[in-house]
Structures are given as C-alpha cells and as structure tokens.
Amino acid sequence: MQALYAQLLVGLINGSFYALLSLGLAVIFGMLNIINFAHGALYMMGAFCAYFLLNITGIGYWPALIIAPIVVGIFGMILERTMLQWLAGLDHLYGLLLTFGIALIVQGVFQNYFGSSGLPYAIPDELKGGMNLGFMFLPIYRGWVVVFSLVVCIATWYLIEKTRLGANLRAATENPTLVRAFGINVPRMITLTYGLGVGLAALAGVLSAPINQVRPLMGADLIIVVFAVVVIGGMGSIMGSIITGFALGVIEGLTKYFYPEASNTVVFVLMVLVLLVKPTGLTGRAA
Amino acid sequence: MKLRISALFLGTALALAAGGAMAQDKTVKIGVLTDNSGLYSDLGGAGSTLAAQMAVEDSGLAAKGWKIDIVSADHQNKPDIGTTIARQWIDVEKVDIFVDVLNSGVALAVNNLVKEKNSIMINTGAATSDLTNAQCSPNTIHWVYDTYMLANSTGQALVKAGGDTWYFLTADYAFGHALERDTAAVVVKSGGKVIGTVRHPLNSSDFSSFLLQAQASKAKIVGMANAGGDTTNTIKQAAEFGIVSGGQKLAGLLLFINDVHSLGLKVAQGLNFTETFYWDLNDGTRAFSKRFSERMKNKAMPSMVQAGVYSGLIHYFKTIDAMGGNPHDGVKVVAKMKEAPTDDPLFGKGTIRADGRKLHPAYLFEVKKPSESKGPWDYYKLVGTTPGDQAFRPLSESACPLVKK
C-alpha cells in the first residue's frame, strides 16, 4: 500500500511536465490554430539554454528559469513571424507539417553538435537532498517541480480565461477583423501568444534538466505522449490539458507499478477509449 | 587465314585475361550498420564509420590493388528496418561484410540474414551472448563483449564484495533480457539471490517509479540491465532518490565511456563495470585513440564498440589479403579468420573460437573521483583483469551447434 502512495506521487510529478507542455500546446492551438509539433524541440532548447547559461556564462538555475523561456520564446516569435504566420487560415495539416520539419531540423542540428548521450546539469544546491515521507523518499527537487508547475499552470489559465488581455486574445482568434476594428494589433498578439506557448515549453525544459540528461532527443521522446494528453483533454482546452496532464501522469505511474511493460502505451490506449466515447476530448468543444 | 588465326589467339588471350582478373577479384564493400540518430549513436554511429575508414587506411590494401568501399546506414534500433537495409545492401549494393550492428534485436535479425546470404558480420556493438550460443553462425564473429562476459566479470566481483541480493532494472528487449538472464545466473551461482525485476520500455526518460520499486525491495545491489541513455538517466535519478546514500549499490552492467562522459564524474564516480577497451590502457590504445579523437567532430575518445570495428576489420583485411582475392564467400573467409590468431594495438593478442567468439581480456574498471581525474576523458581506474579464456562462456557450456559436432 505504501508503494502505491509513492507511485501516485511520482505520477503526479511526471504529470506536471505533461501539464506544462500540453498547456503550451493548448494555448498555441486554441489561439493560433497551429498544431505545434516543434514543441518537443523547443522544450529541449529550454534545457540546452539552461546548460549553456551555466557552462558558458556561469548563470545558475534560478535566473535560467526566467532567461531560458524568454530566449527560446524570442526564437519562437521569430519562427512565427518568418514562417508560421503565412499559414494563417490554411488547413491544420500545413502547420503540423511545417512545425514537424522545424523540429527535425532543430533536433538534427543539436544532435550533430552534442551527440545523443546528453550533457550533465546538476540540481541546484538549495533543492538538493530529500525527505522521508514514511511511505517514500521524496527528492526535494521533485516536490518543487510539482508546486512550481501547478502555480504556472493556474497563472496561465487565469491570464487567458479571466483577464482583459486574455479576453482580447480569445476575441482576436474568433473574429480578427472585428477586433482589429477596435484598434488592437492582432498579428502582434498572435506572435506574443506563440511566444508564450513556446516559453512554457522552454520552462518545462529547464525544470527537467536537473532530472534528465540534457539530450537533443529529450523532446522527441515526450512529444507524442504530450499530444495524446492534449487530444484526450480536448484540443485547445486550457483547463482540460492541465487536468489531463496531471491525471495521465498518475495513471502512467500506476501502470509502471502494476504492469511496467505497458507504461509507454497506456496513454494511447486511453486516447483511443476517450475518442471512441467523446471525439472532442474530455473537455473539448465541438468545432 | 593468317588474320583469322591471330584473331583467334587474341580472343583467347583476352578471355584468359578476363578469367584471371575474376580469379583475383580484389573488391570489397563494408557496411557499417548502426544507430546514427538514436540513444546509442554516440557509442557507435559516426564514430564506427570513422573507425572503419581508419582501418581501411591503416590496412595498406589500397597500395596492393584492393578497392575497398564503405557504406553506412541508420537502423534506428528497429530490427525490421535493419534487415531491410541489410537485404538491400547484400542484394543490390553487394556488401560483403557488416560491422558494428549494435542493438541486440537488430543484430539477431541481421545474423539470420547474413547466414542465409552467406555474407559476413563482425558484430562489435550488440551485447546478447546468443550470437555465439544458441544462435551462433558460421558467418558471424562476435568481437568486443557480450552479456555472459559482463555478468561474469561485474556480477561475480560484486557478489564477492558482499552484494548478495539483487534487484534488476531491465530494458524490455532482447539485450536487456539476455543481460538479466546471464547476470542472474552468475549471482545465483556465486551464492547470491535475485529478489525482483522490473522491465522498462527501451528509451524511457523517467525511471523514478522503477527506482522506487528497487528501493522498496531492500536489495543490496540494483543491477541496471540497460544501456546508453537509459543507463545514464537511471544513474542520475538513482542519485536523486538517494539509492546509493541509502545503502544500496548501483551496478552498471553495461556502461560505455560516452555514458560516463555525459554523466560527468560527479555523478558517475565510484561505479564499477566491465569493458574490453579503454583509450588509456597502453601506448597502442593511446596512439589510436588520439588519432581517432582528432578526427571526431566533438573530439570524443573511441568507445569499445568503435575500437572493435577497427580491430575486427584489421583482422579481416589481413585474412583477405592472405587469401589473395575473391573474398565473397562468407563462410570461407570467416573460417580463415578463425584459423589465424588476432593481433592489433587496441585489443592485443587474441583468438577467434569455433563458435565465433573473439577472445581477449576483460577489464573491471572503477570511475575516478573528480579530484583524481587529470583532464577530459581521464575517467577510469583499472580494478582487475580477467584473461580472455576465462572471461567468456566456456565452450563446455555452449549450446552452439558449430561446437557440438
């Protein structure tokens, strides 16, 4: 029974990565209608950015949590301005193919220079060690990841669903012409939104660097699962992707306990089941 | 009439010349079938192709009129893709010999094909000991290491040092299963006990669930029957969950120098494991590794897989040179390779057994502390050496049909 509690907690920790990543995807899809397949590559760039900051400029983990998402976010905005914006109004498939191509190029370049084994990034001194919860040994860093991701997820949801800025944004995607008539710069808002989604991916990358090796393919391994999370939660639904992210982390953790061999496929089995019953996803609206 | 006779002579002479050239066919094509993009690409990949190129250059065969080509491809760690490429290489590109072929799943699949087509595989990358046991073939030589040797060397040493209860963290495919099976046998034989096993999918990034199960088992040794990125992530996360500081010992059953490099000494220090090649062993290994590293893009030192590609091909070139040409009959060439003793600067003197197992010493290493390392890639301390004839599965235990007859 104790082991089960431990697995639940570990699942929650993984779930926080899924939630952060799928949140970014949901923001981008919900606002821009782009299926951002480059999300995994951008997540990886966040981790690498933290690595470079530490090893080239000596900037540690805490500043990296802010700097890396901004740097990668700016890279994302350049992508949006130079490439993605030309796809506005076209079928989703074009965005998917373009971003998939971008992901392959970015990953290929990183792999060419840094190999596949990855680079080390240590846990910051303040978060080293762990505590004995009785039923498990909880590394402090993992606890921090859960709390921090939850805060970021809720803040993002609040920004989009409850603030004036978010309302403008949602309106701009519903009816750009009308919103432009109110004097709002719609293309700039879209660029900023893409930057926000990309920044969230990079943030997850920085969070993951001390746990996983910083590897060029770290995003590629994760992206398919994250897409499944978004689909189960309902494409574009912010709250849906947050809740599904955490929930799937837990389900996956339990699978690793009861039948580890299926842990990589359980998410997809769930996706099939959910789509059979509710094709729009758990909280998705009909298109 | 005179003209006709001389034409006849000329024709006969030409035919003889062409026949003579065929009798001394001195063309060879080498296929480096490896993981160029996935989790094992640092220990094989572009480095294996470079090692093959260096072997061709050092063989001196070009000066003797040989024409040697190298092709390379990425099998993506998928047996079906590996066999498709291998089939095309043999049928269309006329590849004579496969090297590297890491990933046990791919290696076992290609092993069958190579036998069917009478080609040659010098396997330097895959670990499964089945390649020279139940699935041995007159066309295959297993060059560098195998799961039996790893289990025998690392497993035995750890049980002797007091690690008598084991929990396995195993990659869920041919390689992991073989490594777990062979190590468990050694543990039990040495008086130890296996408490439990958890099998994780290949290329997992999160090992926390599995590590928690290993921790809860209270086994003295957590044996990692995985490799590459799976192992590095396991080691990193084991440190995080306090596995080692809690009194359990982590056993790297298969660790490569690239893994240690990517982990950094801070995390990897103190780990024990077995390899058959290390760049800093002697003058011969240092000289080769320096030349190799200068030509690698990231200045990496060679892994034992890459060193094996060089060593295996050097012996192959010596053999076909001695044969004088026509190196296209796989069984014949491999038989000749088994007859002659091997000798190269990387693995020293050795032999190839009837079952296709290449014998050379196995070294038990310990990873240095950061304070003991003098510079980049100075990572290992030599703890012990097992001679070649004791390191690998004895022929008396072999299930290989080539041995039984």
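Answer with yes or no whether B:LEU212 is over 30 Å from B:ASP343 (Cβ atoms), within 13 Å of another protein chain (Cβ to nearest Cβ), touching a residue at least 24 places away in the same chain (Cβ under 8 Å) and more than 18 Å from the chain's Cα centre (by Cα). Before the answer, list the steps.
Working: over 30 Å from B:ASP343 (Cβ atoms): yes; within 13 Å of another protein chain (Cβ to nearest Cβ): yes; touching a residue at least 24 places away in the same chain (Cβ under 8 Å): yes; more than 18 Å from the chain's Cα centre (by Cα): yes.
So B:LEU212 fits the description; yes.
Considering only residues that are without any contact (Cβ under 8 Å) to a residue 24 or more places away in the chain and part of a helix (DSSP H, G or I), which ones fall in segment A:248-287?
A:THR255, A:PHE258, A:PRO260, A:GLU261, A:ALA262, A:VAL266, A:VAL269, A:VAL272, A:LEU273, A:LEU276, A:VAL277, listed by residue number.
Confirm whether A:PHE17 is open to solvent by less than 30 Å² (accessible area, probe 1.4 Å), within 14 Å of chain B (Cβ to nearest Cβ), of a type outside the set (S, T, N, Q) and over 15 Å from the mean Cα position of the chain (by Cα). Steps first, please.
Working: open to solvent by less than 30 Å² (accessible area, probe 1.4 Å): yes; within 14 Å of chain B (Cβ to nearest Cβ): yes; of a type outside the set (S, T, N, Q): yes; over 15 Å from the mean Cα position of the chain (by Cα): no.
No.
Which of (1) under 17 Å from the mean Cα position of the chain (by Cα); (2) surrounded by 14 or more Cβ atoms within 10 Å (Cβ to Cβ); (3) away from chain B (no Cβ under 13 Å) does A:ALA155 not meet, given it meets every other one?
(2)
Can you pull out every residue in segment B:161-177 that is surrounded by fewer than 20 Cβ atoms within 10 Å (Cβ to Cβ) and closer than 19 Å to B:GLU275 by Cβ?
B:ALA161
With away from chain B (no Cβ under 14 Å) and touching a residue at least 12 places away in the same chain (Cβ under 8 Å) as the only criterion, which of A:GLY89, A:GLY58, A:GLY95 stands out? Step through it out loud before you land on a result.
Numbers: A:GLY89 fails: touching a residue at least 12 places away in the same chain (Cβ under 8 Å); A:GLY58 fails: touching a residue at least 12 places away in the same chain (Cβ under 8 Å).
Among A:GLY89, A:GLY58, A:GLY95, only A:GLY95 is away from chain B (no Cβ under 14 Å) and touching a residue at least 12 places away in the same chain (Cβ under 8 Å).
Does B:LYS349 meet the test of being part of a helix (DSSP H, G or I), of a type in the set (Lys, Arg) and either open to solvent by 10 Å² or more (accessible area, probe 1.4 Å) or closer than 17 Å to B:ILE122 by Cβ (or both)?
For B:LYS349, the condition - part of a helix (DSSP H, G or I), of a type in the set (Lys, Arg) and either open to solvent by 10 Å² or more (accessible area, probe 1.4 Å) or closer than 17 Å to B:ILE122 by Cβ (or both) - is not met.
What single numbered condition from (1) open to solvent by 10 Å² or more (accessible area, probe 1.4 Å); (2) within 18 Å of B:ALA171 (Cβ to Cβ); (3) at pLDDT 90 or above fails to hold for B:SER205?
So B:SER205 meets the others, but not (3).
Specify which of the listed residues (A:GLY76, A:GLY108, A:GLY95, A:GLY101) is in a helix (DSSP H, G or I), in contact with a Gly (Cβ under 6 Å, 6 or more places away or on another chain) and open to solvent by less than 80 Å² (accessible area, probe 1.4 Å). Even if it seems obvious, please write down each step before you answer.
Details: A:GLY108 fails: in contact with a Gly (Cβ under 6 Å, 6 or more places away or on another chain); A:GLY95 fails: in contact with a Gly (Cβ under 6 Å, 6 or more places away or on another chain); A:GLY101 fails: in contact with a Gly (Cβ under 6 Å, 6 or more places away or on another chain).
Selected residue: A:GLY76, the only one of A:GLY76, A:GLY108, A:GLY95, A:GLY101 that is in a helix (DSSP H, G or I), in contact with a Gly (Cβ under 6 Å, 6 or more places away or on another chain) and open to solvent by less than 80 Å² (accessible area, probe 1.4 Å).
Search segment A:208-231 for residues being open to solvent by less than 10 Å² (accessible area, probe 1.4 Å) and assigned to a helix (DSSP H, G or I), and hand back the single one that is nearest to the other protein chains (Cβ to nearest Cβ).
A:SER208
For segment A:122-149, name all the residues that are open to solvent by less than 20 Å² (accessible area, probe 1.4 Å), facing chain B (nearest Cβ under 9 Å) and modelled with pLDDT of 90 or more.
A:PRO139, A:TYR141, A:ARG142
Every residue, every condition in (1) within 26 Å of A:ALA220 (Cβ to Cβ); (2) out of contact with any Ser or Thr (no Cβ under 7 Å at 6 or more places or on another chain); (3) of a type in the set (D, E, K, R); (4) within 14 Å of chain A (Cβ to nearest Cβ), yes or no:
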residue	(1), (2), (3), (4)
B:TYR148	no, no, no, no
B:ALA184	no, yes, no, no
B:GLY196	no, no, no, yes
B:ASP230	yes, no, yes, yes
B:ILE235	yes, yes, no, yes
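Can you give me the number of residues within segment B:243-256 that are at the interface with chain A (Cβ under 10 Å from one of its Cβ atoms) and open to solvent by less than 10 Å² (accessible area, probe 1.4 Å)? Quick ask: steps written out before the conclusion?
Quick first cut of segment B:243-256, residues at the interface with chain A (Cβ under 10 Å from one of its Cβ atoms) only: B:243, B:245-246, B:256.
Cutting the leftovers down to open to solvent by less than 10 Å² (accessible area, probe 1.4 Å) gives us B:243, B:256.
So the answer is 2.
Taking segment A:191-202, which residues are surrounded by fewer than 24 Cβ atoms within 10 Å (Cβ to Cβ) and aliphatic (A, V, I, L, M)?
Selection gives A:LEU192, A:LEU196.
Can you name the helices (runs of 4 or more DSSP H) wholly within segment B:257-332 that have at least 3 residues being open to solvent by 10 Å² or more (accessible area, probe 1.4 Å) and more than 21 Å from B:PRO138 (Cα to Cα)?
On the way: elements: B:257-263, B:265-268, B:283-295, B:304-323.
Helices (runs of 4 or more DSSP H) meeting the threshold: B:265-268, B:283-295.
For segment A:184-204, state whether one or more residues are in a helix (DSSP H, G or I), within 12 Å of chain B (Cβ to nearest Cβ) and either touching a residue at least 40 places away in the same chain (Cβ under 8 Å) or under 22 Å from A:GLY118 (Cβ atoms) (or both).
First pass over segment A:184-204, keeping only residues in a helix (DSSP H, G or I): A:186-204.
Checking the rest, the ones that are also within 12 Å of chain B (Cβ to nearest Cβ) come to none.
No, segment A:184-204 has no match at all.
Given (1) at pLDDT below 95; (2) within 27 Å of B:GLY45 (Cα to Cα); (3) open to solvent by 10 Å² or more (accessible area, probe 1.4 Å), where does B:GLU180 come up short, assuming only one miss?
(1)
When you scan segment A:235-242, do you find a residue that is aliphatic (A, V, I, L, M), open to solvent by less than 30 Å² (accessible area, probe 1.4 Å) and either within 14 Å of chain B (Cβ to nearest Cβ) or under 29 Å from B:GLY228 (Cβ atoms) (or both), even just one?
Within segment A:235-242, the first condition is being aliphatic (A, V, I, L, M), and the residues that meet it are A:235, A:238-239, A:242.
Checking which are open to solvent by less than 30 Å² (accessible area, probe 1.4 Å) leaves us with A:238, A:242.
Cutting the leftovers down to either within 14 Å of chain B (Cβ to nearest Cβ) or under 29 Å from B:GLY228 (Cβ atoms) (or both) gives us none.
No, the conditions are met nowhere in segment A:235-242.
Can you name the condition, by its number, that B:ASN226 falls short on among (1) closer than 20 Å to B:ALA174 by Cα; (2) within 11 Å of another protein chain (Cβ to nearest Cβ)?
Result: B:ASN226 fails condition (2) only.
Of the conditions (1) within 23 Å of A:LEU150 (Cβ to Cβ); (2) surrounded by fewer than 21 Cβ atoms within 10 Å (Cβ to Cβ), A:LEU273 satisfies every one except a single condition; which number is it?
Of everything listed in (1) within 23 Å of A:LEU150 (Cβ to Cβ); (2) surrounded by fewer than 21 Cβ atoms within 10 Å (Cβ to Cβ), A:LEU273 misses just condition (1).
Looking only at residues that are within 14 Å of A:THR255 (Cβ to Cβ) and at the interface with chain B (Cβ under 10 Å from one of its Cβ atoms) in segment A:4-14, which one is surrounded by the fewest Cβ atoms within 10 Å (Cβ to Cβ)?
Within segment A:4-14, the match that is surrounded by the fewest Cβ atoms within 10 Å (Cβ to Cβ) is A:GLN7.
In the set B:ALA51, B:ALA63, B:ALA86, which member is among the hydrophobic types (A, V, I, L, M, F, W, C), buried (at least 19 other Cβ atoms within 10 Å of the Cβ) and more than 11 Å from B:VAL106 (Cβ to Cβ)? Lay out the reasoning, then the answer.
Numbers: B:ALA63 fails: buried (at least 19 other Cβ atoms within 10 Å of the Cβ); B:ALA86 fails: more than 11 Å from B:VAL106 (Cβ to Cβ).
Only one candidate passes the filter, namely B:ALA51.
The values are calculated or read from the model by the stated rules, or taken from the named source; none is laboratory data. Values in this document were obtained by computation on a predicted structure and should not be read as measured data. Cβ coordinates were reconstructed from backbone atoms using ideal geometry, including for glycine residues, and neighbour counts include every protein chain displayed. With ligands, DNA and RNA removed, areas are computed over all heavy atoms of the protein, side chains included. Shrake-Rupley method; radii C 1.70, N 1.55, O 1.52, S 1.80 Å.
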